[in-house]
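J.: Mind looking over this structure? Questions follow.
The values are calculated or read from the model by the stated rules, or taken from the named source; none is laboratory data. Predicted, not measured: the structure shown is a model, and the values here were computed from it. Here the Cβ positions follow ideal geometry from the backbone for every residue, glycine too, while neighbour counts run over all protein chains shown.
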Amino acid sequence: MPHVAVTALGADRPGIVAAVTGVLMRHGGNLEDTAMTNLGGHFAMMLIVDVPTAETAEVLEAALVAEVGVLGLTVAVRPIAEVDTDDEAGATSWALSLYGADKPGIVHHVAQLLADHGANIVDLSTRVVGAGPDHSYVLLLELDLPTDADVDRLRIELAALAADMGVEAHLRADDADVL
Amino acid sequence: MLATPCAPVGEIDERARHLGRDLVDTMRGSGHSVGVAAPQIGVSLRAFCIDVSGHPKARSCHGELVLFDPVVLEAEHRDVGREGCMSVPDLTGDVARATRLVVRGLDLDGEERTLELDAFEARAAQHELDHLDGLLFLDRVVADDRVFRRRVYR
């Protein structure tokens, strides 16, 4: 069955998940990977949904807008192509944490450094901590590195970048133990 | 089965010893596993085996350890580490576990043993003990956004 990507965003309130997933269920959709979280008081939903062939993204979007528009959500549904089920064989998993005084460009500079090293970001979240001009910023990300990546060099460059921005950054191997 | 609390083994007879050998064989057969609990091989009894020999995160190491009807006597401190499970393919999660554990149970000879475990051996034992209570690491992750996909989205 084809997949669609559903995104929805609106001021947080009870009932959003129930309403959106109810519409998807009644249209024969089956939720696959999803991420839904509260971002600064707005509830953001991203869902990969397996849908019957007869259901088009346009029809689903129209149904969602009609049925959950009352919740004040901005909704979009787009068809997505099937993705190669590559296992990223040979990649190693790492976690990067960064925190410090907020300033524009932190995420971009870190992401650019990682991209230059061939890293693939697989999960990223950031939080503004505190309020007012002295608020802090926390960045947590998960990345895959090619096995031939120069991790020592990446660490040195990350430390230099962090020093430039006046933040703390740490990169650690994310070696899960299968028990 | 995996979500059901297991029944006590009771007397360590030939049937129990056979289960113990099955657990060890399964652990060895998987190659990368350091522990297996009975419900993971379809037996709803309170038994597990672990072996953290040679693991870089291990401090205490009792070698190949099979325990029946294990009971936790003491658990101290907590530390977060990332775990995966043979019964939950593709996912890993960050789980807080006691870093020091005193556990009592019966060995393959039916002898009562009280063992002090720490570091990775303590983590492995707690993961297996959870299986005996019908709990997976997914029930223990420290926050719902601390679950990660081991591989890219298919």
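J.: Given the structure, is B:Arg140 buried (at least 16 other Cβ atoms within 10 Å of the Cβ), modelled with pLDDT under 90, in contact with an Asp or Glu (Cβ under 8 Å, 6 or more places away or on another chain) and closer than 23 Å to B:Leu23 by Cβ?
T.: Yes.
J.: Moving on to the next point. Which condition number does A:Ala76 fail, the rest of (1) of a type in the set (Gly, Ala, Ser); (2) over 26 Å from A:Leu47 (Cα atoms); (3) assigned by TED's automatic domain parsing to the domain that holds A:Ile16 being met?
T.: (2)
J.: Quick one: B:Ala98 ticks every box in (1) outside any strand (DSSP E or B); (2) more than 11 Å from chain A (Cβ to nearest Cβ); (3) farther than 21 Å from B:Ile41 by Cβ except a single one, so which number is it?
T.: (1)
J.: Examine the stretch A:158-168 for a residue that is surrounded by 14 or more Cβ atoms within 10 Å (Cβ to Cβ), modelled with pLDDT of 90 or more and under 30 Å from B:Glu121 (Cβ atoms), and state whether such a residue exists. Lay out the reasoning, then the answer.
T.: Taking the stretch A:158-168 first, the residues surrounded by 14 or more Cβ atoms within 10 Å (Cβ to Cβ) are A:158-159, A:161-162, A:165, A:167.
With modelled with pLDDT of 90 or more added as a condition, the list becomes A:158-159, A:161-162, A:165, A:167.
Okay, now just the ones that are also under 30 Å from B:Glu121 (Cβ atoms), so none.
Looking through the stretch A:158-168, none of the residues is surrounded by 14 or more Cβ atoms within 10 Å (Cβ to Cβ), modelled with pLDDT of 90 or more and under 30 Å from B:Glu121 (Cβ atoms).
J.: Which count do you get for residues in the stretch B:33-54 that are in contact (Cβ under 8 Å) with a residue 24 or more places away in the chain, of a type in the set (Gly, Ala, Ser), more than 12 Å from chain A (Cβ to nearest Cβ) and not in a strand (DSSP E or B)? It would help to see each step written out before you state the result.
T.: First, the residues of the stretch B:33-54 that are in contact (Cβ under 8 Å) with a residue 24 or more places away in the chain: B:33-40, B:42-52.
Subset that is of a type in the set (Gly, Ala, Ser): B:33, B:35, B:37-38, B:42, B:44, B:47.
From what is left, the residues that are more than 12 Å from chain A (Cβ to nearest Cβ) are B:38, B:42, B:44, B:47.
Those left that are additionally not in a strand (DSSP E or B): B:38, B:42, B:44.
The number of residues fulfilling the criteria is 3.
J.: For the stretch B:101-123, give me the residue count where each residue is touching a Lys or Arg at 6+ places or on another chain (Cβ under 6 Å) and away from every other protein chain (no Cβ under 14 Å).
T.: 4
Let's see how each residue does on (1) buried (at least 17 other Cβ atoms within 10 Å of the Cβ); (2) of a type outside the set (Gly, Ala, Ser):
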site	(1), (2)
A:Val20	yes, yes
A:Gly29	yes, no
A:His42	no, yes
A:Ala54	no, no
A:Val70	no, yes
A:Ile80	no, yes
A:Gly90	no, no
A:Leu96	yes, yes
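J.: Is it the case that A:Val77 is of a type in the set (Val, Ile, Thr) and free of Cβ contacts under 8 Å to residues at least 12 places away in the same chain?
T.: Details: of a type in the set (Val, Ile, Thr): yes; free of Cβ contacts under 8 Å to residues at least 12 places away in the same chain: no.
Here the answer is no, as A:Val77 does not meet what is asked.
J.: I would also like to ask the following. Tell me which residues, restricted to the stretch B:63-95, are at positive phi, acidic (Asp, Glu) and either out of contact with any Lys or Arg (no Cβ under 8 Å at 6 or more places or on another chain) or more than 14 Å from every other protein chain (Cβ to nearest Cβ) (or both).
T.: To start, the set of residues in the stretch B:63-95 that are at positive phi comprises B:63, B:69, B:77, B:90.
Adding the requirement that they be acidic (Asp, Glu) leaves B:69, B:90.
Scanning the stretch B:63-95 gives a single hit, B:Asp69.
Table: residues versus (1) of a type in the set (D, E, K, R); (2) within 30 Å of A:Leu171 (Cβ to Cβ).
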residue	(1), (2)
A:Gly10	no, no
A:Thr37	no, yes
A:Met46	no, yes
A:Glu61	yes, no
A:Leu96	no, yes
A:Ala101	no, yes
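J.: Okay, moving on. Could we say that B:Gly93 is buried (at least 22 other Cβ atoms within 10 Å of the Cβ) and outside any helix (DSSP H, G or I) here? Walk me through how you get there before you give the answer.
T.: Details: buried (at least 22 other Cβ atoms within 10 Å of the Cβ): yes; outside any helix (DSSP H, G or I): yes.
Against the criterion (buried (at least 22 other Cβ atoms within 10 Å of the Cβ) and outside any helix (DSSP H, G or I)), B:Gly93 qualifies.
J.: Name the residues in the stretch B:19-75 that are under 15 Å from the mean Cα position of the chain (by Cα), surrounded by fewer than 23 Cβ atoms within 10 Å (Cβ to Cβ) and among the basic types (Lys, Arg), would you?
T.: Matches in the stretch B:19-75: B:Arg28 only.
J.: Pick out the one residue from A:Arg172, A:Arg153 that is exposed (fewer than 14 other Cβ atoms within 10 Å of the Cβ) and more than 23 Å from B:Leu91 (Cβ to Cβ). Give the steps one after another, and end with the answer.
T.: Working: A:Arg172 fails: more than 23 Å from B:Leu91 (Cβ to Cβ).
Just one listed residue meets the conditions, A:Arg153.
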